[in-house]
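Peer 1: Quick one: this structure, given as structure tokens, is what I'll be asking you about.
Each reported figure results from applying straightforward, stated rules to the coordinates on display, with no laboratory input. Because the structure is a prediction, the values reported are computed rather than measured. A quick note on method: Cβ atoms are made from the backbone with ideal geometry, for glycine too, and the neighbour counts reach across all protein chains shown.
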There are 2 protein chains.
Amino acid sequence: MNYINLGRSELNKEKDKMLKEYEELKGLNLKLNMARGKPSKEQVNLSRELLDIVNSRSDCSAQDEIDCLNYGILDGLPELKEIFAPVLGVNKEQIFVGGNSSLSMMFDVISFFMTSGVCGSEPWIKQEQIKFLCPCPGYDRHFAILKHFNIKAIPIIMTSTGPDIDTIENLVENDASIKGIWCVPKYSNPQGITYSDETVRRFSKLKPAAKDFRIFWDNAYAIHDLTEVPEKLLNIMTECEKNNSKDLPIIFCSTSKITFPGAGVAFLGASENNIKEIKKMYSFKTIGFDKINQLRHARYFKNYEGLISHMNKHRAILKPKFDIVVNTLKNEFADNKIISFTEPKGGYFVSVDVMNGCAKRVVDLCKKVGLILTEAGATFPNGIDKNDSNIRIAPSYPSIEELKTAMSVFCVCVKLAALEKVLEI
Amino acid sequence: MNYINLGRSELNKEKDKMLKEYEELKGLNLKLNMARGKPSKEQVNLSRELLDIVNSRSDCSAQDEIDCLNYGILDGLPELKEIFAPVLGVNKEQIFVGGNSSLSMMFDVISFFMTSGVCGSEPWIKQEQIKFLCPCPGYDRHFAILKHFNIKAIPIIMTSTGPDIDTIENLVENDASIKGIWCVPKYSNPQGITYSDETVRRFSKLKPAAKDFRIFWDNAYAIHDLTEVPEKLLNIMTECEKNNSKDLPIIFCSTSKITFPGAGVAFLGASENNIKEIKKMYSFKTIGFDKINQLRHARYFKNYEGLISHMNKHRAILKPKFDIVVNTLKNEFADNKIISFTEPKGGYFVSVDVMNGCAKRVVDLCKKVGLILTEAGATFPNGIDKNDSNIRIAPSYPSIEELKTAMSVFCVCVKLAALEKVLEI
């Protein structure tokens, strides 16, 4: 059935049918939260052995005789840097190992830049209104940081090869009030788009009008592949080295979606200049991060190969869930093109664009029958999706059965909202 | 022997003797770092069982069915709040549980206030030059935070009952550019002074000229007693409640000197208003702190009594070390009053005032024979001790034997520096 071809009375009939189906959904007494990209219990349990690795009988000395049970070492354990260097795509000297949250490190870095400037620049907060570029749809917590610091967010359209790089070049190279850009370069949140080689290259060739411009390269899903042959993201640091622009990118990742969400380890990769500056800032803030947890992670993974083999176990759990989402959408809307959606090869989300003006209504309809989705608009700065069409689906947390139910609910709500919309015109 | 009563030739003779002793010290090939208040291996090992408490077979649900292995809960586990409420001297609703570092939370709070203001005030960074009061000698890392944020530090003299409260009242109540004061109210760093009841009461009765003034109450040594009957610090929050000034204090503590330095848990206690504001700020910065480590700590201590009984084990290790420091100083300078020093009943330091103009020289002499002390001046803002007399001794880390050697070295260096000084006049 294709709504486009239906007359008003047929549409009304279809709407009545959907309303009936929707009423029946209420009987399910659903209570399912799919708002966030939260790993499932099954995924989290993959890492339980990590909890035994450092115990009361352990020798807690790390490389270079670092005593992990006591104070010291601001920038993290060398062995952990070694394991994560290929994830960040930088060398060991270009890594700062932090605490339990990469988001927190992004906030810190921006906060440092706000109050103290970037490698000698005027503090951002003392300059005229500064701006960040925000590829959209994107990650709501990135945008929230900008709001917190009163940094103006400029939306940038996402394409299948990454954010609109023509516009980015034009803005960054001509407007010195633009100080940064948020990027989730591999399996982007929420669309699952991996930036093309050309996009990465052009990022590395940027000649920013502002000396204190930085690329916030949140490689959150660097090794979070859903297929056996991962999509390849060009190494931005290597490209920047070629173009003498090593100070541009600040790269982030964490083990929150590898070991334990909120109890893992976060990493920052950047040029020696940037690392030196960021380390100096952190030296005022703390004596050091939790080295015992760093040691646990280093000993658990052993090496990069160990890390990747651990990720394969996540894939085995996640892939069937993404298949349910994508296949349900394909089946339900095969001949009724009222939505478009992505088929990500990794990451944590499926991005769905419903009919313009319907996203809020769909999320609301779902909520009323017990299915909590990410707030409509959340994937845009200040929560404003001017088309009101994008919805982020997070398939990881529910069980297979719950997810099947959730997707049925979602499809009914999408159709009902669409019918309401076309009938009101 | 009392230098005061000696003539020049006797002093010269004494100096030659000390020089000879000093030369002999070089032969010891000492390599001892006593710069920081760092718990010893023996102390750290007291908590090793903590590492086994949460393991691969554990049920990791905390109170209120909080899953510690996954995202969620910004302000920390309820059971841990319960254990530490009496340490902070606040109720459970007045606690925010953080990460591994209370210093980091102090930095964060000041950073939040700099960029976003205090409960609705103009951001500190947008106001004219703001100032903090700094009881001196004090904690170098407190002062470093001020330097980082370009906040002017105003030294306040410490007395045996706490910082000079007359001056504090006068300044805070008349100068709206004063926004805060650093306090280590129990067993202060480095003197080990516990604020008197009157001092605490007068803090609670402050009527600051600035609405956005806060007392940074770093109760780092709240339960770090060296005697069986601890010194009693009056509860500032209770006093503030009586005086309708609950929003004044922000209280900090951590388990860095209870369990593992740098791998423990930090706490913040404050009024409901302040907690609400600080929690809101943190909600932009992170999804949450490491709840697995919080769970370890809660299950390890079980309750407040468990915590205190754990501290008794620390006391048993620390007390003999403090005795060595204090007794050596008493014996060596019994009839030669060229120094004064504190005899703390808790905390991590002994504060020594050597002859004016000699502190740098003493620290330097010690360094040249392999004994690293806290940099002279470090206990004052910007590293400037205008008398050049205060030296902080940190007895915790060395073994008993090492400490005995270190104290011999220290005493020789103090005497040598003093002799140099009196002879140059």
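Peer 1: What lysines does B:Lys302 reach when the alpha-carbon gap must be under 17 Å and sequence neighbours fewer than 8 apart in one chain are set aside?
Peer 2: B:Lys81, B:Lys92, B:Lys291, B:Lys313
Peer 1: If neighbour count is taken as other Cβ atoms inside 10 Å, put B:Ser61, A:Ser111 in order from fewest to most. Show your work: numbers first, answer last.
Peer 2: Numbers: B:Ser61 12, A:Ser111 25.
Ascending number of Cβ neighbours within 10 Å: B:Ser61, A:Ser111.
Peer 1: Need the list of aspartates and glutamates near A:Lys360 for cross-linking: C-alpha distance under 14 angstrom, and skip anything on the same chain fewer than eight residues off.
Peer 2: Straight-distance partners of A:Lys360: A:Glu375, A:Asp385, A:Asp388, A:Glu420.
Peer 1: Then there's this: Working from Cα positions, state the angle (0 to 90°, nearest 10) between the long axis of helix A:165-174 and the longest principal axis of chain A.
Peer 2: Roughly 50 degrees, rounded to the nearest 10.
Peer 1: To one decimal in nm, how far is B:Asn273 from the same spot in the other copies, if labels go 7 Å from Cα toward Cβ? Please give the shortest first.
Peer 2: 4.6
Peer 1: Report, to the nearest 10°, how far helix A:78-88 tilts away from the longest principal axis of the Cα atoms in chain A, using its own Cα long axis and a range of 0 to 90°.
Peer 2: Taking the Cα atoms of chain A, the angle to A:78-88 is about 40 degrees.
Peer 1: Let me ask something else. Using DSSP to call loops (not H, G, I, E or B), can you name the GluC sites (Glu not before Pro) in segment B:3-111 whose Cβ has at most 13 other Cβ atoms within 10 angstrom? Mind showing how you got there, number by number?
Peer 2: Working: sites: B:Glu10, B:Glu14, B:Glu21, B:Glu23, B:Glu24, B:Glu42, B:Glu49, B:Glu65, B:Glu79, B:Glu82, B:Glu93; in loops: B:Glu49.
Those that pass, being in a loop and sparsely packed, are B:Glu49.
Peer 1: Take the Cα atoms of segment A:359-425, find their three principal axes, and give me the spread along each one in whole Å, biggest first.
Peer 2: 37, 30, 15
Peer 1: Here's something else I'd like to know. List the distances, in nm and shortest first, from the label point of A:Ile317 to the matching label points in every other copy, placing each point 7 Å from Cα along the Cα-to-Cβ direction.
Peer 2: Result, one decimal in nm: 3.7.
Peer 1: Could you estimate the translational diffusion coefficient of chain B from the Stokes-Einstein equation, with Rh from the Kirkwood formula over C-alpha pairs, at 20 °C and 1.002 mPa s, in whole µm²/s? Kindly include the intermediate steps, with their values, before the conclusion.
Peer 2: Details: Rh = 22.8 Å.
Approximately 94 µm²/s, per Stokes-Einstein.
Peer 1: Inter-copy label distances at B:Glu173, 7 Å along the Cα→beta-carbon direction, one decimal in nm, shortest first?
Peer 2: 6.4
Peer 1: On a straight-distance basis, which aspartates and glutamates could pair with A:Lys404 in a cross-link, Cα separation under 15 angstrom, same-chain partners fewer than 8 positions away excluded?
Peer 2: A:Asp323, A:Glu332
Peer 1: What pairs in A:Lys337/A:Lys367; A:Lys152/B:Lys280; A:Lys26/A:Lys421; B:Lys186/B:Lys368; A:Lys131/B:Lys280; B:Lys211/B:Lys280 have C-alpha atoms more than 28 Å from each other? Provide the component values of the computation, followed by the final result.
Peer 2: Numbers: A:Lys337/A:Lys367 24 Å; A:Lys152/B:Lys280 20 Å; A:Lys26/A:Lys421 22 Å; B:Lys186/B:Lys368 34 Å; A:Lys131/B:Lys280 23 Å; B:Lys211/B:Lys280 20 Å.
The answer is B:Lys186/B:Lys368.
Peer 1: Going by Cα centres, segment B:55-120 and segment A:368-425 are how many Å apart?
Peer 2: Cα centres, segment B:55-120 to segment A:368-425: 33 Å.
Peer 1: Just round it to a whole percent: the fraction of Cα-Cα distances in segment B:202-282 exceeding 14 Å. List each step's numbers first, then the result.
Peer 2: Numbers: 2219 of 3240 pairs.
Value for segment B:202-282 (Cα pairs over 14 Å): 68 percent.
Peer 1: On to the next question. Given that compact globular proteins tend to follow 2.2 N^0.38 Å, what is the ratio of the alpha-carbon Rg of the protein assembly as shown to that value? Don't skip to the answer; put the middle values down first.
Peer 2: On the way: Rg = 30.1 Å, N = 850, 2.2 N^0.38 = 28.5 Å.
Ratio of Rg to 2.2 N^0.38 Å for the protein assembly as shown: 1.05.
Peer 1: Does segment A:63-307 classify as rounded, prolate or oblate by the C-alpha gyration tensor (a ≥ b ≥ c root eigenvalues; a/c under 1.5 gives rounded; else a/b over b/c gives prolate, otherwise oblate)?
Peer 2: Details: a/c = 1.77, a/b = 1.28, b/c = 1.38.
The shape class here is oblate.
Peer 1: May I pose another question? Angle check, please: helix A:272-285 long axis (alpha carbons) against the longest principal axis of chain A (alpha carbons), in degrees 0 to 90, nearest 10.
Peer 2: 90
Peer 1: Follow-up question, since we're still on this one. Among B:Asn243, B:Thr259, B:Tyr221, flag the residue with its Cα farthest along the positive direction of the charge dipole of segment B:218-301, charges on Cβ as +1 for Lys/Arg and -1 for Asp/Glu.
Peer 2: The listed residue farthest towards the positive side: B:Thr259.
Peer 1: With both partners inside chain B, how many of the DSSP beta bridges are antiparallel, as a percent to the nearest 5?
Peer 2: Antiparallel bridges make up about 50 percent of those DSSP assigns within chain B.
Peer 1: Using only DSSP helix segments of four residues or longer, with each worth -39500 (n - 2.57), what per-residue ellipticity at 222 nm results for chain B after dividing by its residue count and rounding to 500?
Peer 2: Working: 14 runs with 177 residues, N = 425.
One gets -13000 deg cm²/dmol as the mean residue ellipticity at 222 nm.
Peer 1: Could you tell me whether segment A:141-280 comes out rounded, prolate or oblate from its Cα gyration tensor? Rule is a ≥ b ≥ c as square roots of the eigenvalues, rounded for a/c under 1.5, then prolate if a/b exceeds b/c, otherwise oblate. Please report the intermediate quantities before stating the final value.
Peer 2: Details: a/c = 1.37, a/b = 1.22, b/c = 1.12.
Here segment A:141-280 falls in the rounded category.
Peer 1: Another question, if that's okay. State the antiparallel share, in %, of DSSP beta bridges confined to the protein assembly as shown, rounding to the nearest 5.
Peer 2: 50
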